[in-house]
Amino acid sequence: MQTAESRTEMTSAVRFDHVYKAFVGRGRGSDAVLALQDVTFDAKPGEFISLVGPSGCGKSTCLNLLAGLSSPSDGTVAHHGAPVRGINTSVGYITQDDNLLPWRSLRGNVELSLELQGVERHERRRRADDFIHLVGLTGFEDHYPHELSGGMRKRAGIIRTLVYESAVVLMDEPFGPLDAQTRVILQAELLKLWERSRPTVLFVTHDLVEAIALSDRILVFTSNPGTIKRDYRVDLPRPRDPFRIHETPGFSELHDALWADIRVEIESSRGRGVT
């Protein structure tokens with residue numbers, strides 16, 4: 001007989017179950033630092049979930065645990081019902097840096113993950129060019145990273161991961177270094193790409209407007225050690241226009257609630273001398 005918990009695990013693309021993560025400092029006598037404390041949540045297939053909270057609250061640590069780059073000190077991190085043990089090659093991971101290979105053209109970079117999968121050359125070219133067209137980079141296929149603007153490089157980094165068609169995609173502040181105008185343009189591009197195949201996305205950001213524009217749910221983390229303070233459902237209708245999200249009924253109320261929660265955590269961390 002299946003329990004409610006086992007049914008949840010079977011229907012979850014991602015599940016964190018009472019996860020703790022401590023980092024041991026270097027040097028003799030160094031104390032362990034608790035980064036995550038009793039973090040429990042799940043993400044269903046196709047959900048777009050943003051993780052927000054003060055700096056140092058463990059948001060990026062959650063992504064690293066799911067990618068298998070680190071292991072929990074206690075608790076379980078599961079991907080499609082199976083505990084993550086070792087590097088998880090089934091997830092896509094997009095970081096702040098585009099990490100494009102400088103010796104490969106735009107097309108060559110986008111094709112890389114397909115090449116590693118053993119996809120035939122003509123099919124790699126077709127799929128890569130399809131994604132390049134989707135983000136408005138047609139005509140730049142043979143350009144090298146140093147010949148592209150920051151926004152173009154970021155688009156290339158995103159589609160290089162999404163063309164792999166992973167069911168789960170991790171994104172760690174992918175638009176952080178960009179100017180405000182480019183960020184909004186890329187938010188719109190990301191939504192278009194996400195609607196295409198609806199992967200499950202865990203998205204780390206400090207931008208509450210960005211989180212609201214993109215997400216189905218927003219998890220607010222406490223200050224260090226991070227645990228989930230609140231799980232907000234974003235009930236704003238889709239499709240969404242990041243350029244006009246401020247005008248959507250319900251936006252202001254949700255933004256104010258999120259900021260109120262995070263402000264308390266920022267003030268608390270300052271009071272304890274945490275930066």
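The values are calculated or read from the model by the stated rules, or taken from the named source; none is laboratory data. This structure is a prediction, so every number in the text was calculated from the model and none was measured. FYI the Cβ positions are ideal-geometry reconstructions off the backbone, even for glycines, and counts take in every protein chain you see.
For E123, indicate whether it is exposed (fewer than 13 other Cβ atoms within 10 Å of the Cβ) and in contact with a helix residue (DSSP H, G or I) (Cβ under 8 Å, 6 or more places away or on another chain). For E123, the condition - exposed (fewer than 13 other Cβ atoms within 10 Å of the Cβ) and in contact with a helix residue (DSSP H, G or I) (Cβ under 8 Å, 6 or more places away or on another chain) - is met.
In the range 83-101, the residues that are within 13 Å of A13 (Cα to Cα) and in a loop (DSSP other than H, G, I, E, B) form no Cβ pair under 9 Å with any partner that is of a type in the set (D, E) and at pLDDT below 95, whether six or more places apart or across chains.
All told, T138 falls short of being of a type in the set (S, T, N, Q) and surrounded by 22 or more Cβ atoms within 10 Å (Cβ to Cβ). Residues in the range 61-106 that are more than 17 Å from A35 (Cβ to Cβ) and among the polar types (S, T, N, Q) were compared, and the one that is nearest to the chain's Cα centre (by Cα) is T95.
Every residue, every condition in (1) modelled with pLDDT of 95 or more; (2) of a type outside the set (S, T, N, Q); (3) within 15 Å of K59 (Cα to Cα), yes or no:
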position	(1), (2), (3)
T11	no, no, no
V19	yes, yes, yes
F23	no, yes, yes
G29	no, yes, no
L36	yes, yes, yes
P45	yes, yes, no
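Among the residues of the range 139-186, those that are touching a residue at least 12 places away in the same chain (Cβ under 8 Å), within 22 Å of D207 (Cα to Cα) and in a loop (DSSP other than H, G, I, E, B) comprise E173, P174, F175, G176, P177, L178. Every condition in (1) assigned to a helix (DSSP H, G or I); (2) in contact (Cβ under 8 Å) with a residue 12 or more places away in the chain is met by L69 except one, and the failing one is (1).
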